[in-house]
Amino acid sequence: MKIAFFDSGIGGLSVLAEALRRFSEAEFLYFADEDHVPYGTKSRVEIVRLSLDAVGFLVSRGADGVVVACNTATSAAISELRGAFSVPVIGMEPAVKLAADSFGARPTLLIATPLTIAGEKLARLVGRLECETWSLPLPRLVEFAQDLEFDSPAVRAYLWEELAKFELARLGSLVLGCTHFNYFKDVLREILPSHVRIIDGIDGTLNRLSSELGGGLKLARGEDLSVQAAKFNASDEVEFDTNSSAQTYKFDAEGGNESCVGKNIAGGRSESGGKIYYPNGNSVEYFYSGRALDAAQLRKVELFLKRLDAMREIS
Ligand code: DGL
């Protein structure tokens, strides 16, 4: 069973990273629409068109299910996507309900893209909640992430300035309503009072994926991934660095006839497709707007997954 993840850029890797931990023996596809990122400052009509193209591509590559790992594309285009394709399409919505149910005695602050915040879908969702919900668009955070600027003075200054518009001491939780924001959990944690919980909504999305696909996805054993990486190493004679976890991999550039391991990816381009094999028997084929990633781009994906791994425990 092939499951595809789609985002405007590198944000959806946060959902994929968790899927790599949770599931085993799965074939994943990842599509980042790098030619058109950011989505959050475009019109709804444009996002519908781009999302239909992206999911169409993934279905043509054999996807049996698609996770829209992008709150903005979900908000703008989920009904059109479900109408256009027969495979299950799982959307991603800001977890404001979870926040309200768990910490609703205090207000929730939702941070997301301008398009998600202006969307009718969010208005309906928030309208059903009893909890006081504030919202803040943070479009520059998407740009910072895409520029690989995760923890810089400029990022800190931007977040301090934007968050200072709210009475943070009153908050119960901060909801990350954009998958790109997962890269900034450490900076956000530093700025927020310690009682404020950070909620990303990734678990809820993967729970829905599991239930929509019935038994289609196998759960990984409940072991620590570093243990699994070591085992994989022993049985397959593949060298893994057991200190890094989900991002340890074997790289297989089909077109270039290269087979490289872990951090020792050889130079040269893969002309027809790059695939990474992970512990748990999972693999991912990565695409930027329909083009398979080359070796240098795959090395960057490793860095993103490492950063996300470090952000994972922060809540
Ligand atoms: N990562 C996307 C989201 O979750 C969108 C970011 C963007 O392209 O503006 O909303």
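Just so it is clear, none of the values below were taken in a lab; they were calculated from the coordinates. Computed from a predicted structure; not experimentally measured. Note that we place each Cβ from the backbone using ideal geometry, even for glycine, and neighbour counts take in every protein chain shown.
Size of the dipole of segment 1-128 about the Cα centre, Lys and Arg at +1 and Asp and Glu at -1 on the beta carbon, nothing else charged, in debye to 20? List each step's numbers first, then the result.
Details: 13 positive and 14 negative charges, 99 e Å.
Taking the Cα centre of segment 1-128 as origin, the dipole is about 480 debye.
When peptides 19-27, 174-182 are sorted by average Cβ neighbour count within 10 Å, with the highest value leading, the order is 174-182, 19-27. Protection proxy ranking, highest mean first, for peptides 305-312, 166-173, 208-215: 305-312, 166-173, 208-215, where packing is the per-residue count of other beta-carbon atoms within 10 Å, averaged.
Summarising the label geometry, the points placed 7 Å from Cα in the beta-carbon direction at E46 and D203 lie 3.6 nm from one another. Reducing segment 1-57 and segment 298-315 to their Cα centroids gives an inter-centroid distance of 17 Å.
Convex hull of alpha carbon positions in segment 59-213: directionally averaged projected area 9.8 nm².
So, R0 is 35 Å and r is the distance between the beta-carbons of F166 and E313; what FRET efficiency does that work out to, to 0.05?
On the way: r = 25 Å, r/R0 = 0.71.
Rounded to the nearest 0.05, the efficiency is 0.90.
Note on segment 120-211: dipole from Cβ charges, positive end direction compared against S210, W160, S194; the farthest Cα belongs to S210. Rounded to the nearest 0.05, the FRET efficiency derived from the C-beta distance between D186 and E120 at R0 = 22 Å is 0.10.
Length gained on full extension, K300 to A84, computed as 0.36 nm times the residue gap minus the Cα-Cα distance: 74.5 nm.
Past the 31 Å Cα-Cα mark, which pairs from K97/K275; K97/K300; K185/K218; K121/K275? Don't jump to the answer; show the numbers that get you there.
On the way: K97/K275 36 Å; K97/K300 34 Å; K185/K218 29 Å; K121/K275 35 Å.
Among K97/K275; K97/K300; K185/K218; K121/K275, the Cα-Cα distance tops 31 Å for K97/K275; K97/K300; K121/K275.
Protection proxy ranking, highest mean first, for peptides 29-39, 197-207, 119-129, 71-81: 71-81, 29-39, 197-207, 119-129, where packing is the per-residue count of other beta-carbon atoms within 10 Å, averaged. In segment 47-193, taking the dipole from charged Cβ atoms about the Cα centre, the farthest positive-side position among L98, T72, Y183 is held by L98.
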